[in-house]
Structures are given as structure tokens and as C-alpha cells.
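The block underneath contains the structure these notes are about, expressed in C-alpha cells.
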């Protein structure tokens, strides 16, 4: 590094350094002064410079910060927070301001490679495309697509259409299954339609922010800074951190409530109990806008009750939560009764605005649907809903888990626009949009992620009917739980074929049979959708390295090869499903890379996709509107003057254009078809695996500030890698003393499924409770997912990475 | 970060905040810009990756510094030292 920085010194002339320092100070001053009335600095992109500046959303998490990307001589050379962006108002986190470097690791994949005789050998793109087409054509029912919340919206739409319109199966799923599908089932169960009613503006107007198992200060730091900023301005914002370990969020919280795993269910039911006891029920709101539900009886011991549930009265609901007294909740959760009373008293107050926030703590949970439902329920019950600052907000971990997986519907049970495979009317809508013959779209739901990989890792003659998987923009060889069962068995199954499109070698490419080099981020056009329903757009700014190409092009090229073979991929008129023509009505061969950028394929795909968005009132504007903006939050509805207006608070009469005039609230996709939301009773239950004598510790896994997900990008950024080079295990000091371990000692963390060796960290950045350990999952040299449990929520099918039983022993 | 523009949020206690600004001014790696109430703009310039991390930690450890945000960073190509996983 020293030598390379000398090169920096050599390259940076004094004039250039002065310019850069001036630019850095200008940006920082503008940010520092943003609340200083009348103070304004020229935006950096307007300053004279040889750099070209363009907007893009950050490549990493689901916050959706916009960055200004400075390019020079075909490379990204500078990043600044986008001062025009409402999401981040010019700020970035430590990952965000290094995002440009993520493209420049020197081991970028630059050519297709096929496994031959055990070794990966370079092949041409033509051979790669033909290889995939031949494999799929031979057994389309054995093919599954596995995608990502990092797919751009057009990429996801192309893949979804490829499978559901082109092949006539629903054998596609995506990694949001592992990170947020319980939020989806929570919204569907409560409101009848997915995604948060509220927005980030709630952070600016709440009196109380409750972090439900959510380390927002480190995982969504730019959003957390909104709360810190308000305090800096002298506003009172009470932050409550409910957690199983002390984090940076805890340090800035007014109240820290340590709870035991699954205790969140008891806490939320305890709040419901107290809302009723303290006369905190917003009776008028509840009477006019809510119904009550509970689960019905299970058909048998192996099948969960129907997700629609059965009706119950308010009185029956009150009786159901009656046992959740503060003392009982303390027994179940470990949170002192007086703290439960504090929460109940806050919710019972009508003069406060309360914003609940959660992320993986709720979603990666075998009772994820239940806890999502209960928290929506306590907000509805107490009337803390639908007013600025009063909201229940799920945050996401990927930049387009909402935009691509949830909205485009790249999951095995969904169609674009929130339509459902299981609904015949919805299939008919999709067939109409795609010009398919009636009945073309299969009514059979495909395999969710865990089931897909279980079948891929099972011998074909033993029920393993998934024989080919194409993975794009994700790393299941690192992120699936119980990796030995769900990923590594493939290496002994000769007839299975794994295709991986990615930008760097990963744990997944290590077992791939065919690797395709992909363009990333601003090497291609793109669109993302963030956690607050905001759809964002950017243009390609630099060329990808070598022969790396866009993921959407890869999908389209294989589709064309299948069409040419007569293996599907056509509409009812026999036309190729991705047929594209110019204004002169001449066909444009977008399957040919040389012509892919002859038109804006993203624009064509998006404007086709957005026709789906109106069925569930998730209206999207034309592509051109997103070019002009820093994102728009749906539903985006055209006004009489032709302008496109975004919506901040859904279901609220003062803002949502789909609420009937004169109504204060209207849940217009109500499960019960009466414009009412559902308040669910879901009991506390114990998790499927708990510590015992052999495995006496609770294991929780998660992220760290410096790294994003499996670290394939951030571990290639020297600054971030050096700051956090290896995974570790956090131990409580009493537990460490009991097993004779000091910070830095190597220990073995083992479960019934596998083991991993890690350095112990005691009293470090995070500090777990006694009897708990925490391990971050970013490090591909130490796979904690060899240890994790693959039990999942029965409704969302999302696995639980936050709790299983492990042993910790000093490594000899 | 070779050169970066940062926003420091200071503690609500004005004496602690003033002391923090003074400490920032004493750090040779930092240029202190204008202060707007509890927020102050700074530019940080470091000579190595290790210094870069040290500086981040050092800034957060200054009494009176409550929060740190980033507004700008220069990413000159030679700062990409390796690529690839170690």
C-alpha cells in the first residue's frame, strides 16, 4: 500500500490535490450547513473540472442513498453524496463512499468459463449461450433461476418473463426469500398488499423510534443519522433499542431492552395487553378500520394453519392477549416488567408519534410472519398509524429487494406487480400483458429458495428434480443456511449443472460448471427500488472490463437461443417474447451484444413492466420520469396537468390518491374485502432449536458496518477490508472466562450441522448477553453458515439465521 | 480515503463541543471548515490505509464528537491496491 500511495502522490499534482480538497470541503460544508437558513454552496458537479458527474443509487443496502459518480477517462474516480437526493441529503456511510472502488478489484471475471475435466477453461460467449440453451431445452422442468434483490428492475423482469412466460413454469426464486419474505407475508396478512405504508419521512417526525432487533446505527447509518440530526437540532426523539446484544445503536439509545430469542413475540403481545388495559385503544379507528383475526386449526401435525386465519372479536382478542402481563412477558422475554410497562404506556399515549423499525431481526425468524403481524397490529390497535411519524416500517438489506423481488415478482409464487400465481384472474392479467395464450402461465407454484437448493443437492433419482440452476447477482454458496446440506452436496452429483453470472470469484462460482462475467452497477443502465417504495434510475457511465456483459443481455440472449431451437420463448402469435423494434418498426437484434445498446433496453423492459403495476395500485411512472428525478415513491399517479405525483403515506386519505374522497383511511386491498386491515393475535412460541447441555449458547449472525453481505465487493476494497479483515465471535466476558478464552484466542463454534473456527472478541464493538454469541457472516474464509439452522417460517419460507444452539470451545 | 469531506456532529454540551473542535484543529490530518451549530465540516487527508482507519476511530473517540458522516471522497485509481481476496 505504501508504494501505491506514493504513486498517488506522484499522480496527484498540487493543483489537483488542492482542487480535490476544495471539492471535499465544499461538499462537507454544504452538508453541515443544510439546516442553516440561506446558506448555499454551488453543487460540486457544477464546478469546473475534467470529471463528468452523474447520479446513481448506491450499490449496497436497501436505504437507497443517491451518490454522484465522478468519472474520468473511463473510470469512476470520485464519489460524493447527492445533495439533491431526499433519501440521504448528501450524506453517505463508510461503505457508500467507497462504492466506486467495488468495481476495481483486480480479479474481476472477464470471460465465460466452462468446467471441463474438473478445470475451468475460457470459452466464447456464443458457446456459453448455446450450452445453457441446450441444457434448458433438454429439461425445462429441471431448470430453476435463482436471482437477487441486487438484480436491477429490468434484469429481474427479464428473468421473470423468461421463466413464467417463456418456459411456462414458475421455477424462479430470489435471495430476498432469505432476507425479507416474512415482511411480505406480514404486510399481506395485515393489509392484503405488500410493502410499507409509511416512508423515511416518518423518521423526521416521530417522537419515539423503536428499533426492534435492528442495529440501525451500523446497518442503515444514513437513516439513523436523521434521528441524530434531530437531536443535534435540539429536538426530543426517544430511541428505544430492543436487542439481544449491545451495539452502536444501543450506545445512542435512551432505553436498551435486552431480550431473549423469540421474546419479541411476547413483548409485542405484552404491549397489546397494556394498550387495552391502559385504555389506549383508538376505538374509533379500530371500529371503522380494523378486523381481528387468529389462525385456525391445522389440517394435520405437519401442516401450518391457513394464512387467511379465522375471524375473532375484539373481546376475544383482548382475552387472547390477557395472559401477556408485564410479569409474564418478563418471564418469556427476559425484559424487566417495568420496561414492558414503559412500552405499553408509550403506545397508549395519543400525543406521541411512534415509528417502529425492523429488518432481519424480525424477518430471519421461524415466526417471522407472526411477529411482523403483531407489530402492525399494535400500531393499528393504538391508532399509531398513517400519520407522519406514526408508522411500522420494515427496512431492507439489498438495494432492490423491494423494487425487483417484491414488485417485479421474481419469486416462485408471484407475477409482476404484486399479482399471485395462485390467482386465476392474476394469471389471466399476466397472459394478457404478455400476449400469451390463455392457460400458458402455470398454476403450479415453483420451489422457494431452500426447497430449490435442497432438490438441487439431492440425487435426481431420489427426488432431486432440480438439475440446472442459473444464479445471477448473488452468492448462495455463502449465504444459504446449513451449507453442507443445501449447497456443498452438489459437488458429488455429476448430473447437476450450476451456472453463475457474477463479477468476482465467489463461494458459489467455486462449484459452478459455467461462469458468466457480468457488468456491475454503473457499467450498465439500471433501476432499483428501495425500502420506502422509491424507484430509482441510472445510466451506464463506464465500460465493463474484458468481455463482461449485462445480466439482462445474458438472459435475453439465452431466450433467443431457446426460441431459435423451438423451445418456448414465444407469445401466442409465435413472436419471440423479447422482440424489440425501433421507431422505424425494424427489429433490433438485442440478443446480439453488438446491438444491445442500440436502444435503451432498460426503458423498453420497464415501460412494459409498469403496465402490471396498476392492478395492485403500485402505479409506476414512465421511465423518462425517473431519469429526471432522484426516485419516486409509488403509487405514482398522473395529475390533470400531466405531472406525475408520488405518494408518501399509503392508505391515508390526506395523501394516497386511491383512498376514496372524504375518507381518512381506506385499506383498499383488504383481505376481508371491506377496506379494513387485520389485527392478528399470534401467540408466543419457542423456537425450534434451543440451547441444551451439549450446545449451550444461542448463536446470532449478522452484518458489520464495513462489509456488505457476503463481502465479495467490500472485501475487495482495501480500506474496508483492512478495517475489518476477518470474521470473529463475540462472547460475553463471563462466558469467555468460564471456558478460559481471551480476546484473540481461537475458538470452535459448532452446531449439530457443522463447525467453524473463529477468533474470540470480548467487550468489542458488540457485546452479547451472557449465554449468547454473535458471528458476522461476511467472511468467505470462515463460513458461519456451515453452522446455521435451515428451519424456516411456514408462511414466508424464510430461514432463521438469528438463533440456533451452538457450543463454543477453545481451539487447542 | 486519501482525501475526504466529513461532517462531524458535536455533543449537545457546548463546552464539550468546543473542546472537540479544538481537538480537531490540533490534528494535522484534518482541516476544519465552518461550523453550523452542532455540525462542523472537515477535510481529512491520510497517507495510508492504516492511517485512514486510525483517523476514523480517532475522530469518533474525541470527547464531544457524537457522530460522523461522509459527504465526499476522492477515489483516485491508484488507491485500489490489490483486489482479490487475501
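Scaled against the 2.2 N^0.38 Å expected of a compact globular protein of N residues, the Cα radius of gyration of the stretch A:705-780 reads 1.15.
Projected onto its three principal axes, the C-alpha set of the stretch A:494-560 covers 44, 29, 27 Å, listed from the longest axis down.
Take peptide A:87-98, look around each residue's Cβ out to 10 angstrom, count Cβ atoms belonging to other protein chains, and average those counts. It would help to have the intermediate numbers written out before the result.
Numbers: counts 0, 1, 1, 6, 4, 5, 3, 6, 1, 2, 11, 5.
For this peptide, the per-residue mean of nearby foreign Cβ atoms is 4.
Evaluated at q = 0.14, 0.21, 0.23 Å⁻¹, a Debye calculation over the C-alpha positions of the stretch A:440-540 (equal weights, vacuum) places log10 I(q)/I(0) at -0.67, -1.07, -1.15.
Please order A:650, A:753 by the number of other Cβ within 10 Å, starting at the fewest.
Numbers: A:650 28, A:753 18.
Placing the least packed residue first, the sequence is A:753, A:650.
Classify the stretch A:69-181 as rounded, prolate or oblate from the Cα gyration tensor: take a ≥ b ≥ c as the square roots of its eigenvalues, call it rounded if a/c is under 1.5, otherwise prolate when a/b beats b/c and oblate if not. Walk me through the numbers before you get to the answer.
Details: a/c = 2.74, a/b = 1.53, b/c = 1.79.
Oblate, since a/c reaches 1.5 and b/c is not below a/b.
Across all Cα atoms of the stretch A:384-435, the radius of gyration (one decimal) and Dmax (whole number) stand at 14.7, 44 Å. Given the protein assembly as shown, what percent of its DSSP beta bridges are antiparallel, to the nearest 5? Roughly 60 percent of the DSSP beta bridges within the protein assembly as shown come out antiparallel.
Need the full-extension length gain, residue A:743 to residue A:484, defined as separation in residues times 0.36 nm minus the C-alpha distance. One decimal, nm.
Numbers: separation 259, 0.36 × 259 = 93.24 nm, distance 2.90 nm.
Length gained, residue A:743 through residue A:484: 90.3 nm.
What the Kirkwood sum gives for the stretch A:485-624 is a hydrodynamic radius of 17.6 Å, with every pair of different alpha carbons counted. For the stretch A:577-679, the equivalent ellipsoid built from the Cα gyration tensor has semi-axes of 36, 16, 11 Å, listed from largest to smallest. Looking at the P(r) of chain A, how many percent of alpha-carbon pairs lie beyond 50 Å? Tail of P(r) above 50 Å: 13 percent of Cα pairs.
For the stretch A:165-305, the convex hull spanned by the alpha carbon atoms encloses 214 Å³ per residue.
Each principal axis of the Cα atoms in the stretch A:621-754 has its own extent, and those three values, largest first, are 71, 46, 25 angstrom.
By how many nm would the segment from residue A:300 to residue A:465 lengthen if fully extended, with 0.36 nm per residue of separation less the alpha-carbon distance? Write out the running numbers ahead of the final one.
On the way: separation 165, 0.36 × 165 = 59.40 nm, distance 2.63 nm.
Here the answer is 56.8 nm.
Taking other Cβ atoms within 10 Å as a rough exposure proxy, A:387, A:339 sort from fewest to most as A:387, A:339.
Taking only the C-alpha atoms of the stretch A:674-812, the Rg (one decimal) and the largest Cα-Cα distance, Dmax (whole number), read 17.0, 64 Å. The convex hull built on the alpha-carbon positions of the stretch A:344-445 has an orientation-averaged projected area of 8.6 nm². Only DSSP H runs of four or more residues enter the estimate; each adds -39500 (n - 2.57), and after division by the residues of chain A the mean residue ellipticity at 222 nm equals -8000 deg cm²/dmol.
Taking all Cα-Cα distances within the stretch A:411-471, those exceeding 16 Å account for 53%.
Measuring between their Cα centroids, the stretch A:51-85 and the stretch A:427-451 lie 37 Å from each other. Per residue, the convex hull around the alpha carbon atoms of the stretch A:210-264 comes to 66 Å³. Classified by the C-alpha gyration tensor, the stretch A:286-341 has an oblate form. Its axis ratio a/c, with a ≥ b ≥ c, is 1.5 or above, and a/b does not exceed b/c.
Compute the whole-percent fraction of alpha carbon pairs in the stretch A:439-496 spaced more than 15 Å apart. Cα-Cα pairs of the stretch A:439-496 separated by over 15 Å account for 50 percent. The convex hull built on the alpha-carbon positions of the stretch A:97-238 has an orientation-averaged projected area of 13.8 nm². Cβ crowding within 10 Å, taken as a proxy for footprinting-reagent exposure, orders A:290, A:359 from fewest neighbours to most as A:290, A:359. Shape class for the stretch A:226-316, computed from the alpha carbon gyration tensor (a ≥ b ≥ c): oblate, with a/c not under 1.5 and a/b at or below b/c. The relative contact order of the stretch A:541-677, computed from alpha carbon pairs under 8 Å that lie at least 6 residues apart in sequence, is 9 percent.
Read the figures in this text as sums done on the coordinates, not as results from a lab. Everything numeric in this text was worked out from a predicted model, so none of it was measured. Every residue, glycine among them, receives a Cβ derived from its backbone with ideal geometry; neighbour counts consider all protein chains shown.
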